Amino acid sequence: SRRRSGSSGPAGGQSPIQPAASFRPVAARPPEAPESRSEPQATLAFLVDSYDVEEVEGRQRTVLRLHPRLAPVKVAVLPLVSKEGMPEKAREIFNELRTRVPAEFDEGGSIGKRYRRQDEIGTPWGVTVDHQTMEDDTVTLRDRDSLEQTRVPVAGLADDLAARLAQPWRTPKLP
């Protein structure tokens, strides 16, 4: 019988390769590839690490837990309902905020669905204009990660968001 060139292992069928004590995965790339090619890999790593699905009040919630400084949209301004002057007030707040931070305005669908859409794209904060806003010029500020909602005055909202962006952040996925 003739042995083919390139057959695996020595005679007797045992492999000469010994198992490694540990394994460290690496991304192989040609030596002539510029270092900037690792940027898409880093971006993908951030996205994969940030993606989360959890259960809240018996329903699944998909959330992209990006670091607030990495999130493409920092705040969404959402009128509670599309009447009673709320969309106009929300648009006014949105126009002021977008000069300081990347912001989005959304008035389509229920408030819960709008929150979910913003959670899915990684928006760290949601500002809700509601009936109380029309009375005392405060809004509800909702945090994406903790789901905590607090009332804040419209007058200091941009400064409040800037301060939140400057604070250290730790992913809620870590213990």
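The values are calculated or read from the model by the stated rules, or taken from the named source; none is laboratory data. This one's a predicted model, so the numbers in the text were calculated from it and none came from an experiment. When we count neighbours, we look across all protein chains shown, and the Cβ atoms used for this are built from the backbone with ideal geometry, even at glycine. Accessible surface is based on the protein model in full, side chains and every heavy atom, while ligands, DNA and RNA are left aside. Shrake-Rupley method; radii C 1.70, N 1.55, O 1.52, S 1.80 Å.
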Quiz item: A158: part of a helix (DSSP H, G or I), in contact with a Leu (Cβ under 7 Å, 6 or more places away or on another chain) and either within 20 Å of S82 (Cβ to Cβ) or hydrophobic (A, V, I, L, M, F, W, C) (or both), yes or no?
Solution: yes
Quiz prompt | Selected residue [of a type in the set (K, R), under 16 Å from P68 (Cα atoms) and touching a residue at least 24 places away in the same chain (Cβ under 8 Å)] from R170, R144, R114, R98 | solution = R144
Quiz prompt | Leading residue by the ranking (nearest to R164 (Cα to Cα)) among those in segment 42-58 that are in contact with a Lys or Arg (Cβ under 9 Å, 6 or more places away or on another chain) and not β-branched (V, I, T) | solution = S50
Quiz item: Can V73 be described as assigned to a strand (DSSP E or B), under 22 Å from D159 (Cα atoms) and open to solvent by less than 70 Å² (accessible area, probe 1.4 Å)?
Solution: no
Quiz item: Consider P79 against the criteria (1) of a type outside the set (A, V, I, L, M, F, W, C); (2) open to solvent by 40 Å² or more (accessible area, probe 1.4 Å); (3) within 21 Å of G156 (Cβ to Cβ); (4) touching an Asp or Glu at 6+ places or on another chain (Cβ under 8 Å): it satisfies all of them except one. Which criterion is unmet?
Solution: (2)
Exercise. State whether one or more residues within segment 41-56 are under 26 Å from T171 (Cβ atoms), part of a helix (DSSP H, G or I) and in contact with a Pro (Cβ under 8 Å, 6 or more places away or on another chain).
Key: no
Exercise. Please find, among L157, L141, L165, the residue that is within 16 Å of P72 (Cα to Cα), open to solvent by less than 40 Å² (accessible area, probe 1.4 Å) and of a type in the set (A, V, I, L, M).
Key: L165
Quiz item: How about segment 123-149: which of its residues are under 23 Å from the mean Cα position of the chain (by Cα) and not β-branched (V, I, T)?
Solution: P124, W125, G126, L141, R142, D143, R144, D145, S146, L147, E148, Q149
